[in-house]
Amino acid sequence: SFEKDLWAVKEVDNWQKSKTILYVDGATGNDSNSGTKDSPFKTIKRGMDSITRDSTKLIINPGLYRESNLELHASGTVDKPIIIEAAVPGQTTITGSVPFTDWTANNQPNVFVHDWPYSWAKGTYQGNDIAKRKDMVIVDGSVLRPVLKMSKLDNNTYYLDEAQQKLFIRINKKID
């Protein structure tokens, strides 16, 4: 039921000034910094964790931020909002995706393998339960279809072997 408390105002600075301003810069920041303009945080997570009161603004400098599980633990009000904004609109990207490089060819044609270091996908998936998975694999902009068994691995599919912590994909191309 968060929708009743969710709202947006264009040019909110003309309406409410923030008492505290924090900065994030993925290129020059450090999460040990204070979060000021001259000493920004490196990650959005660190910036959001530093918001402890209403009337706070978090400004995110341009760049690509590969972060997931971002949570805001403070709350604002209509008169004292918490604002999270891009320093330059259209030049900040936040994504939970992680690129994998250094794939290894498997002993089957067009099958490649990579370590899978994540534990959040663990679980038992039977029948249609594959829809409950949290993993997604994309190769060159194409989403691969998950399969539940290695024996079902076909072109443009992937299999996640949670016991071995390995990701197997089968595609009709060479991977660098």
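Quick notes on this one:
- Only one entry of K37, K45 meets the criterion of being charged (D, E, K, R) and surrounded by fewer than 17 Cβ atoms within 10 Å (Cβ to Cβ), and that entry is K37.
- Annotation note: Cβ proximity below 9 Å between a residue of the stretch 43-56 that is touching a residue at least 12 places away in the same chain (Cβ under 8 Å) and farther than 13 Å from E85 by Cβ and a residue that is acidic (D, E) and open to solvent by less than 40 Å² (accessible area, probe 1.4 Å) (sequence gap 6+ or interchain) occurs for T43/E67; K45/E67.
- First in the stretch 16-31 and touching a residue at least 12 places away in the same chain (Cβ under 8 Å) and assigned to a loop (DSSP other than H, G, I, E, B), second anywhere and of a type in the set (A, V, I, L, M) and open to solvent by 70 Å² or more (accessible area, probe 1.4 Å), Cβ under 8 Å, 6 or more apart: G26/L64
- Members of the stretch 67-82 found to be more than 19 Å from the chain's Cα centre (by Cα), hydrophobic (A, V, I, L, M, F, W, C) and under 29 Å from K134 (Cβ atoms), listed by number: A74, I82
- In a residue-by-residue description of the stretch 12-23, the property of being under 20 Å from the mean Cα position of the chain (by Cα) and either more than 15 Å from A87 (Cβ to Cβ) or modelled with pLDDT of 95 or more (or both) applies to at least one position.
- One residue stands out among those in the stretch 55-74 that are modelled with pLDDT of 90 or more and hydroxyl-bearing (S, T, Y): the one that is farthest from D25 (Cα to Cα), which is S55.
- Residue match in the stretch 150-169 (condition: at pLDDT 85 or above, assigned to a helix (DSSP H, G or I) and touching a strand residue (DSSP E or B) at 6+ places or on another chain (Cβ under 6 Å)): yes
- Here W103 meets each of (1) closer than 25 Å to G63 by Cα; (2) over 16 Å from the mean Cα position of the chain (by Cα); (3) modelled with pLDDT of 90 or more with one exception, condition (1).
- Note on the stretch 38-66: residues that are part of a strand (DSSP E or B) and within 19 Å of the chain's Cα centre (by Cα) amount to 8.
The values are calculated or read from the model by the stated rules, or taken from the named source; none is laboratory data. Quick caveat, the model's predicted, so the values are computed rather than measured. Virtual Cβ from ideal backbone geometry, glycine too; neighbours counted across all protein chains shown. The area values use the complete protein model at the heavy-atom level, side chains included, leaving out ligands, DNA and RNA. Shrake-Rupley method; radii C 1.70, N 1.55, O 1.52, S 1.80 Å.
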